[in-house]
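The values are calculated or read from the model by the stated rules, or taken from the named source; none is laboratory data. The structure presented is a predicted model; accordingly, all values stated were derived computationally and were not measured. Glycine gets a Cβ as well: all are built from the backbone with ideal geometry, and neighbour counts include every protein chain shown.
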Amino acid sequence: MRQWVIRQGASSLDDMALCDVPAPQPGSGEVLVRVRACSLNYRDQIIPLGRYMGSAVTVDTVPLSDGAGEVVAVGEGVTSVRLGDRVAGSFFQNWIDGPANPGAGPALGAPPAAGMLQDLVVLPEHGVLPIATSLSFEEAACLPCAGVTAWNALMEGPHPVRAGESVLVLGTGGVSLLALQIAKAAGAQVIATSSSDDKLARVSALGADQTVNYRVTPDWGVAAADLAGGGVDHVVEVGGAGTLKQSIAAVGFGGEIALIGVLTREGGTNPHGLMFKGASIRGIFVGSRGMATRLNAFVDGHAIKPVIDRTFAMEDALEAYRYQASPELFGKVVITL
């Protein structure tokens, strides 16, 4: 079978290779999934560059956390999964539900867990879950990381988004567009930012109520607060240190910033602005299998379709990586197997 591998010690995409390896078989408590589609996330960019968690991979690693397919074999003792089930992998294999905890890992696509960019993958029974019935494999492959992250940010905190509240999303990557779709389905008003007027027109077509071009408006946090009538209820903060100061300016009294971002590493991170508004920051690192299950039900109930920008064949995976890292990205990049 075909399998992409990030070589031990990798520091660039040139250290990735498409290999032919024997097909695996499931052991006790395991299932064998024929992968039909995978999607890319920002995390997948930094692993082959040797920058994930501060170091290069120490063993050859199959990449990508996000994939969907069908079950083609089950091991002894498996009772909740059947042949032919359409499933996706759970990002954290041992985080079943409840709050974040130190036993959540491993996370697919980085040691010690294999990733999904291979024809066949063996996962524990509890490490897969049914995909949303309304989605194709390509669409379902967009949800395990970006979708669950957006869902956790908006719907799993102490104050889930309610109809009539305001949500600020930054940029037009996978997490932000899925957060926009979830927020709109929940009845919220959405403000979106981008440096491209063309992309802002596209997010407006997806349902964004207000937009801000952050190159034209450097103090876009204040602008977003004004558009929300004095402050935003929920900020989906994907930028990191370089945007946090503006997100703190945008959030309203009693509001929440869901801190996801690692895209920028330098900037003002002084949290004192939160104090005067009684606002808070909640750290988000994807989510649990239970969150993925609730997201899938919400997706089915509200006819949400993830935005797929481009689709690539498995043989062209490196081109998919390069496109996903480009300024042209709008939504998700999918690799079909």
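In the range 1-47, what count of residues is obtained for those that are of a type in the set (Ser, Thr, Tyr) and in a helix (DSSP H, G or I)? Don't jump to the end; show me each part of the working.
Looking only at the range 1-47, we keep the residues that are of a type in the set (Ser, Thr, Tyr), and these are 11-12, 28, 39, 42.
Then keep just the ones that are in a helix (DSSP H, G or I); that gives 42.
Number of matching residues: 1.
Tell me which residues, restricted to the range 53-82, are closer than 27 Å to Thr149 by Cβ and free of Cβ contacts under 8 Å to residues at least 24 places away in the same chain.
Listed by number, the residues that qualify are Gly54, Ser55.
From Ala225, Ala249, grab the single residue that is free of Cβ contacts under 8 Å to residues at least 60 places away in the same chain, among the hydrophobic types (A, V, I, L, M, F, W, C) and buried (at least 21 other Cβ atoms within 10 Å of the Cβ). It would help to see each step written out before you state the result.
Working: Ala249 fails: buried (at least 21 other Cβ atoms within 10 Å of the Cβ).
After applying the criteria, what remains is Ala225.
What's the total number of residues in the range 298-314 that are more than 13 Å from Cys38 (Cα to Cα) and surrounded by fewer than 16 Cβ atoms within 10 Å (Cβ to Cβ)?
5
Since Trp95 meets every condition but one in (1) surrounded by fewer than 23 Cβ atoms within 10 Å (Cβ to Cβ); (2) farther than 28 Å from Asp20 by Cβ, which condition does it not meet?
So the condition that Trp95 fails would be (1).
Checking Val299 against (1) over 28 Å from Leu18 (Cβ atoms); (2) in contact with a strand residue (DSSP E or B) (Cβ under 9 Å, 6 or more places away or on another chain); (3) β-branched (Val, Ile, Thr), only one condition comes out false. Which one?
Evaluating Val299 over (1) over 28 Å from Leu18 (Cβ atoms); (2) in contact with a strand residue (DSSP E or B) (Cβ under 9 Å, 6 or more places away or on another chain); (3) β-branched (Val, Ile, Thr) leaves (2) as the failure.
Regarding Met155, is this residue over 24 Å from Glu328 (Cα atoms) and crowded, with 24+ Cβ neighbours inside 10 Å? Before you say what the answer is, go through the steps one by one.
Numbers: over 24 Å from Glu328 (Cα atoms): yes; crowded, with 24+ Cβ neighbours inside 10 Å: no.
It is false that Met155 is over 24 Å from Glu328 (Cα atoms) and crowded, with 24+ Cβ neighbours inside 10 Å.
Based on this model, can you work out whether Glu76 counts as outside any strand (DSSP E or B), surrounded by fewer than 19 Cβ atoms within 10 Å (Cβ to Cβ) and assigned by TED's automatic domain parsing to the domain that holds Ser134? Can you show your working first?
Numbers: outside any strand (DSSP E or B): yes; surrounded by fewer than 19 Cβ atoms within 10 Å (Cβ to Cβ): yes; assigned by TED's automatic domain parsing to the domain that holds Ser134: yes.
Here the answer is yes, as Glu76 does meet what is asked.
Identify, please: which residue in the range 52-73 is crowded, with 17+ Cβ neighbours inside 10 Å and hydrophobic (A, V, I, L, M, F, W, C) and is, among those, farthest from the chain's Cα centre (by Cα)?
Ala73
Taking the condition surrounded by fewer than 24 Cβ atoms within 10 Å (Cβ to Cβ) and either polar (S, T, N, Q) or at pLDDT below 95 (or both), does Ser136 pass? Even if it seems obvious, please write down each step before you answer.
Numbers: surrounded by fewer than 24 Cβ atoms within 10 Å (Cβ to Cβ): yes; either polar (S, T, N, Q) or at pLDDT below 95 (or both): yes.
In short, yes.
Which residue out of Gly267, Gly230, Gly287, Gly261 is among the small types (Gly, Ala, Ser), part of a loop (DSSP other than H, G, I, E, B), touching a helix residue (DSSP H, G or I) at 6+ places or on another chain (Cβ under 9 Å) and at pLDDT 95 or above? Break it down stepwise before answering.
Working: Gly267 fails: at pLDDT 95 or above; Gly230 fails: touching a helix residue (DSSP H, G or I) at 6+ places or on another chain (Cβ under 9 Å); Gly261 fails: at pLDDT 95 or above.
The match here is Gly287.
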